[in-house]
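Taken together, the values in this text are just the output of simple stated rules run on the coordinates, not laboratory data. Not measured: the values here are computed from a predicted model. Cβ sites come from the backbone with ideal geometry, for glycine too, and all protein chains shown count toward neighbours.
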Amino acid sequence: MFLTLFAVTLLAASQTLVNAAPALEIQTKFIVTPFDLIQMGARSDCTTTDECRNATQAAPFVNSALRKYRIVSTGERAALLSLIIFESVGFAFDINHSENNPGQGTRNQMNFPFILEYALDTPRVAKEAQALLGPYIDNPSAIPSATKNAIRELVLADDLSFASAMWFYTRRGPKQTGCLEIPGMVEGLQDESVSGWQNYLTQCIGTTVTEPRRRLWQQALTVLKPAIAST
C-alpha cells in the first residue's frame, strides 16, 4: 500500500512539473534584457520628463507583459516592442501632450476608446473607470477631455502602460481576441515576413507603414534572434 501511494504521489508530482514546463520556459527562455532594449532604440538614461523610463527600468515590465500575454515568438515580440519604442520615443513618453487628442497614452500611445476599454478590462482600476464614466456610459463620444485624461491616468502605472500593446494585440474588442483573428496576422508575424509586419501595422494597429518604423522592426528582429537561438 505504501509503495502504491508513493507511486501515485510521484506520478502526480511529475505531471505537475510537466504542466508547469511551458510557463517556466516562457519565464526563463525569452528574457529581454536592458541591453537588448537599448539596441532596439530604448533610452539608456532619462533626463527629459517624469514619464521617461530607461531600459533598465523598463525591462522588468516589458518581460512581465510578454509573459502575461504569452507572446513568445521572435516575430511577434519584435513587432510589439518596436511599436512601443517608436510610439513612446524610446520610452520617453506615455501620454500625448497635444490637446488635439485627449486621453491618448500608454507606451503604445493608444487612442482613448481603447484606453477606456483597457481600463474597464483591468480589474484593479475598472471600478474607478466606471465611476469616471458616470453619465457618459451610454454616450462615450460625449466624454469631456478632462475625464478622458483622468481615465488615461488609471492605466499609466508602469506595469499597465508597458503591457498595453500586448493587451491590444491579444485581448481588445468585444470578443477579447485582439488582433489574433485577423487573417494571416499571427502567422505573418511569426514568419517574420515584411508582409506580416505590414499587416500588423495596417490591420491591427491602424497606422501607415513608414521607413523609421520598418528600421526599428528590423533592428528588433536582429536583436532578438541571437538571444533566442543561443538558449
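Two decimals is fine: what is log10 I(q)/I(0) at q = 0.09, 0.13, 0.16, 0.22 Å⁻¹ for the stretch 108-231, from a Debye sum with one equal scatterer on every Cα and no solvent?
The calculated log intensity ratios at q = 0.09, 0.13, 0.16, 0.22 Å⁻¹ are -0.33, -0.64, -0.88, -1.26.
Which value, in debye to the nearest 20, gives the size of the charge dipole of the stretch 88-231 about its Cα centre, when Lys and Arg are +1 and Asp and Glu are -1 at the Cβ?
It comes to approximately 100 debye.
As an exercise, identify the trypsin sites (Lys or Arg not before Pro) in the stretch 112-205 lying in DSSP coil whose Cβ has no more than 11 other Cβ atoms within 10 Å.
The qualifying sites are Lys175.
How far apart, in nm, are the 7 Å Cα→Cβ label points at Gln57 and Gln176?
Each label point is offset 7 Å from its Cα along the Cβ direction, giving 3.2 nm.
Excluding same-chain residues fewer than 8 positions from Lys175, which aspartates and glutamates have a Cα within less than 16 Å of its Cα?
Partners found: Glu117, Asp121.
Could you go through the stretch 128-139 in sequence order and give the Karplus-derived ³J(HN,Hα) for each residue, using 6.51 cos²θ - 1.76 cosθ + 1.60 with θ = phi - 60°, rounded to whole Hz, and x for Gly and Pro?
Once rounded to whole Hz, the list reads 5, 5, 4, 5, 5, 5, x, x, 9, 4, 9, 8.
Once amide H atoms are built 1.01 Å from N in the peptide plane, which residues 5 or more positions from Met110, or in another chain, come under 5 Å H to H?
Amide H to amide H, under 5 Å and 5 or more residues apart or across chains, Met110 pairs with Gly105.
Need the C-alpha centroid separation for the stretch 58-84 versus the stretch 107-172, integer Å.
Cα centres, the stretch 58-84 to the stretch 107-172: 20 Å.
Given the options Ile95, Trp167, Leu116, identify the residue whose Cα lies farthest towards the positive end of the charge dipole of the stretch 90-195 (+1 on Cβ of Lys, Arg; -1 on Cβ of Asp, Glu).
After comparing all options, I get Leu116.
Under a crude label model (7 Å from the Cα following the beta-carbon direction), how far is Val194 from Thr48 in nanometres?
Roughly 2.9 nm, to one decimal.
Under a crude label model (7 Å from the Cα following the beta-carbon direction), how far is Leu156 from Phe35 in nanometres?
Using points 7 Å along Cα→Cβ, the separation is 3.4 nm.
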